[in-house]
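*Asks:* Have a look at this one.
The values are calculated or read from the model by the stated rules, or taken from the named source; none is laboratory data. Remember, predicted model here, so these are calculated numbers, not experimental data. Here Cβ is always computed from backbone atoms with ideal geometry, including for glycine, and neighbour counts include all displayed protein chains.
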């Protein structure tokens with residue numbers, strides 16, 4: 001089977017998908033009587049026009065980096081981890097427990113321990129579906145979705161009945177102590193002479209997320225384990241024949257995936273909110289799927305896609321603030337981008353592939 | 001011609017907003033959404049009344065998730081909106097961290113009264129007093145001697161409503177049964193009309209023939225089901241009598257609209273501090289209009305108005321759930 005050139009696969013298809021989504025979104029905005037060009041301007045200046053906007057865009061991108069990497073690691077092993085949302089929630093619980101009940105002398109130590117705890121909680125939440133998949137053949141897609149609901153209920157129970165301070169109304173934990181406040185980009189960049197917005201939530205976890213990109217790349221393409229994961233994902237029977245253990249690979253891939261999702265909590269729970277609230281994940285677990293698909297499951301692609309979705313999230317929030325476009329329609333616009341870049345990939349790919357083949361034949 | 005006109009209009013609008021933009025008030029609606037027919041809608045009505053009367057404009061956002069609260073606050077404060085009006089207790093914690101960063105901006109917190117801050121105006125309501133009155137009416141209208149209460153999210157505030165309601169009902173009829181249910185334990189409970197409807201059916205099967213919904217958008221389902229099943233209901237926050245004329249006994253008014261209107265009217269000269277709006281301040285009350293007039297008998301009105309006077313004079317004390325986190329008339 002002939003293939004189209006790599007640059008078309010990596011650049012052209014996402015770009016066309018994105019343009020299609022943008023065109024459809026413009027129609028939606030026109031349909032409710034608003035100006036689409038004005039809306040795009042609001043989104044761009046709001047998300048990229050100031051260090052404040054960048055701060056939020058990067059903050060959201062950090063979340064999507066973790067979940068996007070998580071989905072791609074599982075994907076390389078042929079597993080579709082839809083449970084990122086639940087794993088990130090549990091990661092948040094781990095971070096909250098570590099931050100609330102242990103008095104840390106310095107944020108750096110707290111960050112390391114909290115990241116480990118978040119990873120362990122997230123991995124534990126992925127372990128059960130992984131085991132059921134490997135041992136019992138219960139499909140991981142179904143079980144991870146179900147575990148999202150269980151995670152939400154667990155978090156709900158913990159917040160309402162255990163962690164909520166006495167007399168408080170909203171289901172949230174107390175604030176974490178001042179000592180473990182993670183340095184924001186403002187505090188990191190100030191010594192370098194860059195005056196980054198003070199009120200933006202992007203923080204040191206962004207650097208952790210970028211480091212995680214590199215580690216995942218090393219793992220998948222430069223280690224024996226990564227080789228096993230990829231081999232297993234490409235052909236299970238082939239991997240089995242080569243003497244690899246399906247149980248071991250399924251478990252390890254899902255545990256890494258769950259740990260990455262859980263680690264997102266150092267950004268949204270420890271870095272931004274500095275307390276655990278319900279729905280702190282804001283759907284990042286699901287966005288991670290779109291990010292991984294769009295990024296072609298390569299860490300660098302995931303990085304770019306995470307930036308794009310960070311822009312969409314922050315741009316959407318700005319749209320909600322400064323225009324009269326109702327919040328439901330902003331979700332529609334974000335969903336259209338996910339639909340085109342994630343789910344309807346083949347809609348663009350197939351005609352494009354045909355086109356390339358036809359052009360090539362003509363030349364030949 | 002018309003193009004020219006709209007261009008001129010746009011130019012004029014820009015000129016006007018350019019002059020006043022720095023002091024536009026802003027409203028942050030809570031998760032129920034601004035058209036919840038209840039709590040948030042009351043705020044919207046107050047803001048709209050201000051805009052209609054003064055010709056001013058205000059900024060607004062409907063929150064989509066908990067995590068947006070702080071972002072919305074900071075964004076409005078940085079854009080120069082003043083005052084920034086927030087709805088619901090969920091804004092208390094974000095306010096406590098954001099407000100000190102913007103000392104020149106005044107923040108209004110509706111349903112909050114426990115924060116410290118120079119630039120905060122905290123408005124809370126004596127919901128138990130208003131609920132007491134509608135509780136009396138429910139007991140007088142009930143033929144089965146069973147009345148129902150459906151709360152939104154199970155928090156002290158909603159128990160506070162339920163407690164006043166039960167006390168009012170029991171003041172009329174000491175043997176009355178009060179059935180109380182909560183929709184949920186998360187903010188989603190403010191916007192779940194389907195569950196509200198199910199709970200109403202469950203309460204009807206337990207004999208309730210008047211139900212009081214203190215549940216934000218969830219109440220829409222309660223009122224609908226009550227009307228469908230032929231029993232009476234009581235609305236909350238906004239006047240909801242018109243939703244099902246002749247089927248809604250009354251509504252417990254919580255004048256969030258007045259609080260928002262007054263805050264916007266005062267603008268940057270807004271007085272800060274803690275304010276409680278009770279019966280005396282007409283911050284709470286019961287709704288009487290053409291839609292429910294046939295349901296409210298002269299006796300009922302006389303009894304309720306008498307109780308209202310007594311509460312205002314201090315002769316009648318409605319126990320508050322907040323006092324010791326328990327209710328003398330109802331156990332949860």
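*Asks:* Could you please let me know if residue B:42 is at pLDDT 90 or above, on the phi < 0 side of the Ramachandran plot, surrounded by 19 or more Cβ atoms within 10 Å (Cβ to Cβ) and within 14 Å of chain A (Cβ to nearest Cβ)?
*Replies:* no
*Asks:* Of the residues B:108, B:134, B:98, which is more than 14 Å from every other protein chain (Cβ to nearest Cβ) and part of a helix (DSSP H, G or I)?
*Replies:* Details: B:108 fails: part of a helix (DSSP H, G or I); B:98 fails: more than 14 Å from every other protein chain (Cβ to nearest Cβ).
Exactly one residue qualifies, and that residue is B:134.
*Asks:* Which one of A:194, A:142 is at pLDDT 90 or above and either away from every other protein chain (no Cβ under 12 Å) or within 20 Å of residue A:126 (Cβ to Cβ) (or both)?
*Replies:* The conditions single out A:142.
*Asks:* Among the residues of region A:200-211, is any surrounded by fewer than 17 Cβ atoms within 10 Å (Cβ to Cβ), farther than 22 Å from residue B:98 by Cβ and in contact (Cβ under 8 Å) with a residue 24 or more places away in the chain? Before the answer, list the steps.
*Replies:* Residues of region A:200-211 surrounded by fewer than 17 Cβ atoms within 10 Å (Cβ to Cβ): A:207, A:210-211.
Then drop every residue that is not farther than 22 Å from residue B:98 by Cβ, which leaves A:207, A:210-211.
Pick out the ones that are also in contact (Cβ under 8 Å) with a residue 24 or more places away in the chain and you get A:210.
Checked region A:200-211: at least one residue is surrounded by fewer than 17 Cβ atoms within 10 Å (Cβ to Cβ), farther than 22 Å from residue B:98 by Cβ and in contact (Cβ under 8 Å) with a residue 24 or more places away in the chain.
*Asks:* Looking at B:170, B:143, can you tell me which residue is part of a loop (DSSP other than H, G, I, E, B) and in the same structural domain as residue B:311 (by TED's automatic domain parsing)?
*Replies:* B:143
*Asks:* Restrict the check to region A:309-321 and report whether at least one residue is touching a helix residue (DSSP H, G or I) at 6+ places or on another chain (Cβ under 6 Å), in a loop (DSSP other than H, G, I, E, B), touching a residue at least 12 places away in the same chain (Cβ under 8 Å) and surrounded by 20 or more Cβ atoms within 10 Å (Cβ to Cβ).
*Replies:* Taking region A:309-321 as the starting set, the residues that turn out to be touching a helix residue (DSSP H, G or I) at 6+ places or on another chain (Cβ under 6 Å) are A:309-316, A:318-321.
From the residues that got through so far, the ones that are in a loop (DSSP other than H, G, I, E, B) too are none.
No: region A:309-321 contains no residue that is touching a helix residue (DSSP H, G or I) at 6+ places or on another chain (Cβ under 6 Å), in a loop (DSSP other than H, G, I, E, B), touching a residue at least 12 places away in the same chain (Cβ under 8 Å) and surrounded by 20 or more Cβ atoms within 10 Å (Cβ to Cβ).
*Asks:* Could you look through region A:175-187, keep only residues that are more than 12 Å from residue A:270 (Cα to Cα) and either buried (at least 17 other Cβ atoms within 10 Å of the Cβ) or within 14 Å of chain B (Cβ to nearest Cβ) (or both), and pick out the one that is farthest from the chain's Cα centre (by Cα)?
*Replies:* Residue satisfying both the conditions and the ranking: A:186.
*Asks:* Look at region B:50-67 and say how many of its residues are touching a residue at least 12 places away in the same chain (Cβ under 8 Å) and either in contact with a helix residue (DSSP H, G or I) (Cβ under 7 Å, 6 or more places away or on another chain) or closer than 22 Å to residue B:32 by Cα (or both).
*Replies:* 12
*Asks:* Based on this model, can you work out whether residue A:215 counts as more than 14 Å from chain B (Cβ to nearest Cβ) and closer than 30 Å to residue B:95 by Cα? Spell out the reasoning first.
*Replies:* Details: more than 14 Å from chain B (Cβ to nearest Cβ): yes; closer than 30 Å to residue B:95 by Cα: no.
No.
*Asks:* Just give me the residues in region B:48-68 being part of a helix (DSSP H, G or I) and more than 9 Å from chain A (Cβ to nearest Cβ), in sequence order.
*Replies:* B:48, B:49, B:50, B:51, B:52, B:53, B:54
*Asks:* So, of the residues in region A:212-232 that are in contact with a helix residue (DSSP H, G or I) (Cβ under 7 Å, 6 or more places away or on another chain) and without any contact (Cβ under 8 Å) to a residue 24 or more places away in the chain, which turns out to be surrounded by the most Cβ atoms within 10 Å (Cβ to Cβ)?
*Replies:* Only one residue fits best here, namely A:228.
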